[in-house]
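J.: To start, I am sharing the structure in question, which I have written as structure tokens.
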Amino acid sequence: MTNKRLVLTTAASLEESKKIARQLVDRRLAACVNIIPKIESVYRWEGKVEEAEEFLLLVKTTEDARPRVQEAIQQLHSYELPECIALSIDEGSPAYLKWMDDSVDDPPD
């Protein structure tokens with residue numbers, strides 16, 4: 001098990017996705033953010049079933065930076081309640097995991 005996390009969020013447009021991704025990487029909260037365009041989402045919101053075309057962001061970060069990633073997503077996002085789900089990265093190539101460590105600034109103790 002590692003301290004690396006994959007955070008998932010969605011956005012309404014490519015422009016918003018790029019803005020969020022760029023800010024997370026610029027702030028050294030994420031090593032990389034992949035944007036998967038034009039996914040179809042079906043969800044319940046305010047008692048109704050909704051459908052929307054969205055963009056999925058895959059945010060590579062660390063557990064220590066994850067709370068700050070969540071805060072940044074909340075601040076930067078247009079949605080009232082943006083998705084922010086973190087998955088543990090149990091294993092990975094040692095070189096890639098080191099690159100993630102080198103790319104993300106963890107908060108001071």
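Values quoted throughout were computed directly from the atomic coordinates according to the rules given, and no laboratory measurement underlies them. Please read all numbers here as calculations on a predicted model, not as lab measurements. Ideal geometry is used to build each Cβ from the backbone, glycine not excepted, and the neighbour counts take in all protein chains shown.
J.: Does L97 fit the bill of being surrounded by 11 or more Cβ atoms within 10 Å (Cβ to Cβ), touching a residue at least 24 places away in the same chain (Cβ under 8 Å) and over 17 Å from L6 (Cβ atoms)? It would help to see each step written out before you state the result.
T.: Details: surrounded by 11 or more Cβ atoms within 10 Å (Cβ to Cβ): yes; touching a residue at least 24 places away in the same chain (Cβ under 8 Å): yes; over 17 Å from L6 (Cβ atoms): no.
Against the criterion (surrounded by 11 or more Cβ atoms within 10 Å (Cβ to Cβ), touching a residue at least 24 places away in the same chain (Cβ under 8 Å) and over 17 Å from L6 (Cβ atoms)), L97 does not qualify.
J.: Among the charged types (D, E, K, R) and either surrounded by 14 or more Cβ atoms within 10 Å (Cβ to Cβ) or not in a helix (DSSP H, G or I) (or both): does that describe E71?
T.: no
J.: Do we find a residue being within 15 Å of V7 (Cβ to Cβ), under 14 Å from the mean Cα position of the chain (by Cα), crowded, with 18+ Cβ neighbours inside 10 Å and touching a residue at least 60 places away in the same chain (Cβ under 8 Å) anywhere in the stretch 56-64?
T.: Scanning the stretch 56-64, I find no residue that is within 15 Å of V7 (Cβ to Cβ), under 14 Å from the mean Cα position of the chain (by Cα), crowded, with 18+ Cβ neighbours inside 10 Å and touching a residue at least 60 places away in the same chain (Cβ under 8 Å), so the answer is no.
J.: Tally the residues that are over 25 Å from G92 (Cβ atoms) and surrounded by 14 or more Cβ atoms within 10 Å (Cβ to Cβ), restricting the search to the stretch 6-17.
T.: 3
J.: Tell me which of these S103 doesn't satisfy, since it passes every other one: (1) closer than 13 Å to L6 by Cβ; (2) out of contact with any strand residue (DSSP E or B) (no Cβ under 6 Å at 6 or more places or on another chain).
T.: (1)
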